[in-house]
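Before any comments, here is the structure.
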Amino acid sequence: MTPLFEMGRLVGTPGAIKFCDDNLIPMISLVRRHLRGDWGDLDADDKSANAKALNDGTRIISMYKWPQGKIWIITEADRSVTTVLLPSEY
């Protein structure tokens, strides 16, 4: 898999790490989806904004839903860091 963009340093918030551990969700699989352009459960407008961000260098966001809750992945505009977090930690 070739990523569509640089992710920079990967970080996860304590809540996101616990959420993934508690629900047996491999965090790295979510990051891989994010990097290949599988933005998850975003609406069409947000997916379109991500596609544009690949060219204009703005931040890229993915969101994945489970019955237990949602998890977000955000790559900053300068591509220096990608953060895995819960919406409540934003």
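Sort out which residues of the range 10-27 are buried (at least 16 other Cβ atoms within 10 Å of the Cβ) and more than 11 Å from residue 71 (Cα to Cα), and write them in order of number.
Passing the criteria: none in range.
Given the criteria surrounded by 11 or more Cβ atoms within 10 Å (Cβ to Cβ), out of contact with any Ser or Thr (no Cβ under 7 Å at 6 or more places or on another chain) and in contact (Cβ under 8 Å) with a residue 24 or more places away in the chain, does residue 73 qualify?
In short, no.
Name the single residue, out of those in the range 28-41 being hydrophobic (A, V, I, L, M, F, W, C) and surrounded by 17 or more Cβ atoms within 10 Å (Cβ to Cβ), that is farthest from residue 76 (Cα to Cα).
The extreme case among them is 30.
Computed from the coordinates by the stated procedures, all read-outs in this text should not be read as laboratory data. As the structure is a computational prediction, the values presented were derived from the model and not from experiment. Backbone-built Cβ (ideal geometry, glycine too); neighbour counts: all protein chains shown.
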